[in-house]
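The values are calculated or read from the model by the stated rules, or taken from the named source; none is laboratory data. All values reported here derive from a predicted model rather than from experimental measurement. Quick reminder, even Gly has a Cβ in these numbers, built from the backbone with ideal geometry, and neighbours come from all protein chains shown. Quick note on the areas: whole protein, heavy atoms, side chains included, nothing else; ligands and nucleic acids left out. Shrake-Rupley method; radii C 1.70, N 1.55, O 1.52, S 1.80 Å.
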Amino acid sequence: MANRIPPTSDPGFGIYVHWPFCLSKCPYCDFNSHVRAEPVDEKRFIAAFKAELAHRAGLTKGRKVRSVFFGGGTPSLMKAESVAAILDAIDGFWAVEPDVEVTLEANPSSVEAGRFRDYRTAGVNRVSIGVQALNDVDLKQLGRLHTAAEARAAVDVAAKTFARYSFDLIYGRQQQSVAAWRSELQTALTWAGEHLSLYQLTVEPDTIFERLNLAGKLVLPNADQSRAFWDATQEIMNAAGLPAYEISNHARAGAESRHNLIYWRYGEYVGVGPGAHGRIMVPKGRRAQATERHPEMWLTVVETDGHALIEDEMLSHEEQGDEFLLMGLRLAEGIEPARFEAVAGRSLDSARISSLIAEGMVEMTPQGRLRVSPEGFPLLDAVVADLAA
Ligand SMILES: C[S@@+](CC[C@H](N)C(=O)[O-])C[C@H]1O[C@@H](n2cnc3c(N)ncnc32)[C@H](O)[C@@H]1O
Ligand code: SF4
């Protein structure tokens, strides 16, 4: 059996490309995604993506690209030739690792699945499909445009087209019982390859679900029920040989998302497109970057200035330490305390670690890594806050 992608002193360099458009807005979603009545001028956007890539290449000379991730929004609405043009530009600006991972997030409509082969020709080698639920009533409640049958068909096309694919499910949905989720997850496993992302539904600010929730119209699990959903998920995924390598991401050893590992291992990445974030190393330390969120505003700013960074700041050691913990403790492999010291300029508080160990929330591995224990994961936010304080 393949080994887990081992922790490394070089967490790598990746490129995130944000396509901000969707056919409709899902009521739970607070991603930077927008619906347009008129067709988007894709050529103009692609020219702007290339301009931003050129700009970021100037800031990250000498890096080797380990992964590219087309996220959204709905990047599967892009033409394959647009995806190819972006990948060609990346190839021209940077050296690319021979086994570079190129992921594209796709919605499971038949039209989009029909583009999978062309995406593969363009250079995509992994898709991540937003299936969300396996029955039509729940898909409707989630505001999704696809049916369960279409999702199944899209996953089948992905399995035939790509060596690596994953899909997302949302659990703890309205009126969902743990028993129903167990059976849904077992079915999902019969569709799955070597990677699944399983997210517990969260009510995000400024979404329709938040308004419904405040009006008492959304019946969601209470804390005990949430815990039961979590436990059932871990039990089923462990038994299936796809344990969580990150709080919501499950994979067979070696099939982890290399792109997301760069974030969680606190590596370097640039983000292009509206509302994309980046973290890059410069001689003085780590810079945090973010672009203009509004798509057409982003376009105009890039066309005028060659990039649309509206945030480009040095992070203090304290901020870097907090981010490092926030990211790294989501991983089952945990963090290396010596790297925390290098990043944060201070050591972790050993008294706090001892008390969290005594409470069973964290553990030290024989290799000297600090990680959250299976009991601690459902309380991850509190554990991170405690360690970061
Ligand atoms: C950027 S979105 C997905 C992209 C694609 N447009 C889609 O909807 O399939 C990434 C994933 O986050 C998850 N997600 C988004 N909002 C969520 C929420 N409020 N609670 C739980 N999961 C959420 C969904 O599973 C979704 O597939
Ligand atoms: S969940 Fe996906 S399809 Fe729905 S609005 Fe968000 S980004 Fe768009």
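Of note:
Here's the yes/no breakdown for (1) more than 13 Å from ligand 2 (Cβ to nearest atom); (2) touching a residue at least 12 places away in the same chain (Cβ under 8 Å); (3) surrounded by fewer than 21 Cβ atoms within 10 Å (Cβ to Cβ):
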site	(1), (2), (3)
127	yes, yes, no
130	no, yes, no
135	yes, yes, yes
143	no, yes, yes
146	no, yes, no
158	yes, yes, no
170	no, yes, no
179	yes, no, yes
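- Of the residues 30, 91, the single one that is at pLDDT 95 or above, acidic (Asp, Glu) and near ligand 1 (Cβ under 10 Å from one of its atoms) is 30.
- Applying the condition of being outside any loop (DSSP other than H, G, I, E, B) and either over 19 Å from the mean Cα position of the chain (by Cα) or more than 30 Å from residue 200 (Cβ to Cβ) (or both) to the range 25-43 and asking which residue is farthest from ligand 2 (Cβ to nearest atom) yields 43.
- Close pairs from the range 355-373: first over 19 Å from residue 388 (Cβ atoms), partner assigned to a helix (DSSP H, G or I), Cβ under 9 Å, at least 6 apart: 368/337; 368/338
- The residue pairs whose first member lies in the range 78-96 and is of a type in the set (S, T, N, Q), whose second member is open to solvent by 20 Å² or more (accessible area, probe 1.4 Å), and whose beta carbons are closer than 6 Å, counting only pairs six or more residues apart or on different chains, are 82/42.
- Residue 100 fulfils the conditions (1) under 21 Å from the mean Cα position of the chain (by Cα); (2) among the hydrophobic types (A, V, I, L, M, F, W, C); (3) within 14 Å of ligand 1 (Cβ to nearest atom); (4) open to solvent by 20 Å² or more (accessible area, probe 1.4 Å) except for a single criterion, (3).
- Scanning the range 186-206 for residues that are within 14 Å of ligand 1 (Cβ to nearest atom) and in contact with a Ser or Thr (Cβ under 9 Å, 6 or more places away or on another chain) returns 195, 196, 197, 198, 199, 200.
- The condition (being open to solvent by less than 60 Å² (accessible area, probe 1.4 Å), modelled with pLDDT of 95 or more and assigned by TED's automatic domain parsing to the domain that holds residue 132) is satisfied by just one residue among 215, 239, 188: 188.
- Those residues of the range 103-138 which are within 30 Å of residue 218 (Cα to Cα) and within 11 Å of ligand 1 (Cβ to nearest atom), in sequence order: 105, 106, 107, 108, 109, 128, 129, 130, 131, 132, 133
- The residues of the range 1-19 include none that are within 16 Å of ligand 2 (Cβ to nearest atom) and more than 27 Å from residue 281 (Cβ to Cβ).
- From 229, 162, 209, residue being free of Cβ contacts under 8 Å to residues at least 60 places away in the same chain and closer than 30 Å to residue 112 by Cα: 162
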